[in-house]
Amino acid sequence: MGLTRSLWYYTSKKDDHQVINKLNELAIDLPHRGFDDYYGRIRQEGYPWNRKRVLRVYRLMKLTMRRKRKKRLPSRIKEPLVIPNRLNETWSMDFMCDTLENGRKFRVLNVIDDYNREALIIKPQMIFPGEFVVNALNDLVFYRGKPSQIRVDNGPEFISKAFLKWCNDNGIRIIHIQPGKPVQNALIERFNRLYREDVLDAYIFEDIYQVREISKEWQEDYNNNHPHGSLGGKSPKQYAKPEKEECLIEEIIPKKSKLAMS
């Protein structure tokens, strides 16, 4: 073959792990820059690698092709899941997905009150931009009142400018759970399981209007008749009645005292 023994048994001793790690770091922090910027920064930081070596590794890593950059989320602080002591203190929101009989996908916006687990909104839609979420919340606040805080995940609707602006304008605090930690929003997740078992997995829907009709019937039954274990076997409406009666008494007593004084 004309090969020497040393050439046949030769193995490369190049170790480019440090160069690879540095280029990966630069590609994550500066995804829109090119090789010249990366190499300039490498030399400024005092690394001894020459241009040919860095360029060879750069091409092997296929950094000449633009990498897809994930949208960065701000760091989320883990907050304990505390059960509130009154209505409209904390709401939880989440989205669910399913398909119609023809294969078209639809989404469902669910909103519950953490105090009595009452289903405030079950709204199926084909599309759900941030403005639709704000409109649904405006309708809810009109007859229910606004909450002190809302617990949500990091979905695109809940980090949209429209939703963030609406909460800021209404003085509502947003609690974003940490990415990939649905257990931090456990109350709405448990509600979602019941809704999926009783509605989404139980029917084959012909159109979105059928989803809305069945969901509305289920919502009424859940709020008035579902015996919730954590509420002492009471339904959400039954559990909230004592608080509503106390509020009415507090409103009536001051009126009577004013009449007595007059």
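Points to keep in mind about this one:
- Within the set TYR143, TYR58, TYR115, the sole residue that is under 30 Å from ASP16 (Cα atoms) and either surrounded by 11 or more Cβ atoms within 10 Å (Cβ to Cβ) or modelled with pLDDT under 95 (or both) turns out to be TYR58.
- Every residue from segment 203-231 that is over 18 Å from VAL111 (Cβ atoms) and under 24 Å from the mean Cα position of the chain (by Cα): ILE208
- Count of segment 80-107 residues which are assigned to a strand (DSSP E or B) and hydrophobic (A, V, I, L, M, F, W, C): 6
- Within segment 162-181, the residues that satisfy the criterion of being exposed (fewer than 14 other Cβ atoms within 10 Å of the Cβ) and modelled with pLDDT under 90 are PRO179, GLY180, LYS181.
- Note on segment 122-144: residues that are among the hydrophobic types (A, V, I, L, M, F, W, C) and not in a helix (DSSP H, G or I) total 4.
The values are calculated or read from the model by the stated rules, or taken from the named source; none is laboratory data. Please read these numbers as outputs of a predicted model, since none were measured by experiment. Reconstructed Cβ throughout: ideal geometry from the backbone, glycine too, with neighbour counts over all protein chains shown.
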